[in-house]
Structures are given as C-alpha cells and as structure tokens.
Amino acid sequence: DAHKILAELEKDFEVNIVTQNVDDLHERAGSTNVLHLHGELLKVRAVNDLQKIISWEGDLNLGDQDELGNQLRPHIVWFGEMVPEMDNAVAIASQADIFIVIGTSMQVYPAAGLIHYIPHHCEVFVIDPHLETQYTTSKNFFKTSATEGMKKMKKLLYT
C-alpha cells in the first residue's frame, strides 16, 4: 500500500522515487518516475556495456548473449561495483523540496549519502519502525511501517 500511496501522490505533486530495491513494485503500483539505483531484476545487459539494457523475464544462463555475442548479466549493481545511477540520484536529491526516507538503514553507501545533497530548505521525513539516526528526533520521524507512515505523510501533504 505504501507503493500505491507514492504513486497516487503523482496526481498532485512531482514525485521522484530513488530506490535501492531491484524489484518493480513501484512501477506495478503506478509510479512513473522511478530511478533504480542498484539496477533491476527484470533487466539484463552485456557484461561490457552499461548503456544497452534489455528487458528479461526468464532465467538468465551462462551463454545467454546479446545480438553481438556478448555474455549477458543481470542489470544489478553487485557489491564492490560502481553505482552508475548515482549522479542522476544526486541531481534528483539536490532539487527536492521534501525528502522522504522510507524503510532503509541509512548505512549503505553511496545511497545513504544522498541526504547530504538536499537543499537547505528541504524538509526531511523518515519512515521506519527501527531506524535511529539524527533525522529521527523531530516530528518528521514516523517510527512505523512504510504503509502507516505513508498514510500519515499523505495526510500531512494534503492539510
């Protein structure tokens, strides 16, 4: 339901989602501006080409190749690899008026560092049942599930 609420907000707000998740739950809920920071499970690319991304729904096997004969791999950022979408994520964060952190430990970098790129006027909200950081001491911290937190967030945005 939290995914659906985010999608609904697009009716009245410019919503940009930067997600570390590799699933397509945001798209299935109806969101249209989703940046998958760590790639997508249902896509592949050649091992030597970051740019050409191919939709892929079946199993991926050793020997599966693109039309040029290059081995395909999941379009996922593995540990130790660069995050090719990081510059785009920074650009989105640097223009935010509201920055909502939902269900993350804020420990995995470089994604956790996005909060350092938001403008000074930007209001930060944190929704997480477990997270304790410097951002969780204000009225803008909802120590609850993503769904309950997004219900509260939606109510705030429309009052």
Subset tally (residues that are open to solvent by 20 Å² or more (accessible area, probe 1.4 Å) and free of Cβ contacts under 8 Å to residues at least 24 places away in the same chain) for segment 16-30: 5
Residue that is least open to solvent (accessible area, probe 1.4 Å) [pool: residues in segment 69-89 that are farther than 18 Å from K52 by Cβ and modelled with pLDDT of 95 or more]: A89
Please give the number of the condition Q51 fails out of (1) surrounded by fewer than 16 Cβ atoms within 10 Å (Cβ to Cβ); (2) at pLDDT 95 or above. (2)
Any chance F79 is among the aromatic types (F, W, Y), at negative phi and under 15 Å from the mean Cα position of the chain (by Cα): no
Applying the selection to segment 90-124, what residues are in contact with a helix residue (DSSP H, G or I) (Cβ under 6 Å, 6 or more places away or on another chain) and either crowded, with 16+ Cβ neighbours inside 10 Å or not in a loop (DSSP other than H, G, I, E, B) (or both)? V90, A93, I102, G103, M106, L114, Y117, I118, V124
Being of a type in the set (V, I, T) and assigned to a strand (DSSP E or B) is the filter here; which residues of segment 1-59 pass it? I17, V18, T19, V34, V44, I53, I54
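Residues checked against (1) under 18 Å from L6 (Cα atoms); (2) more than 17 Å from the chain's Cα centre (by Cα); (3) basic (K, R):
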residue: P74; (1), (2), (3): no, yes, no
residue: L114; (1), (2), (3): no, no, no
residue: I118; (1), (2), (3): no, no, no
residue: F125; (1), (2), (3): yes, no, no
Filter segment 34-48 down to the residues that are within 24 Å of I92 (Cα to Cα) and open to solvent by 70 Å² or more (accessible area, probe 1.4 Å) and list them by number. L41, L42
Kindly check whether there is at least one residue in segment 137-157 that is within 18 Å of F13 (Cα to Cα), modelled with pLDDT under 95 and either part of a loop (DSSP other than H, G, I, E, B) or among the β-branched types (V, I, T) (or both). no
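The values are calculated or read from the model by the stated rules, or taken from the named source; none is laboratory data. Being a predicted model, the structure only gives us computed values, none of them experimental. Reconstructed Cβ throughout: ideal geometry from the backbone, glycine too, with neighbour counts over all protein chains shown. Just so you know, the surface numbers come from the protein's heavy atoms only, side chains and all, with ligands and any DNA or RNA stripped out. Shrake-Rupley method; radii C 1.70, N 1.55, O 1.52, S 1.80 Å.
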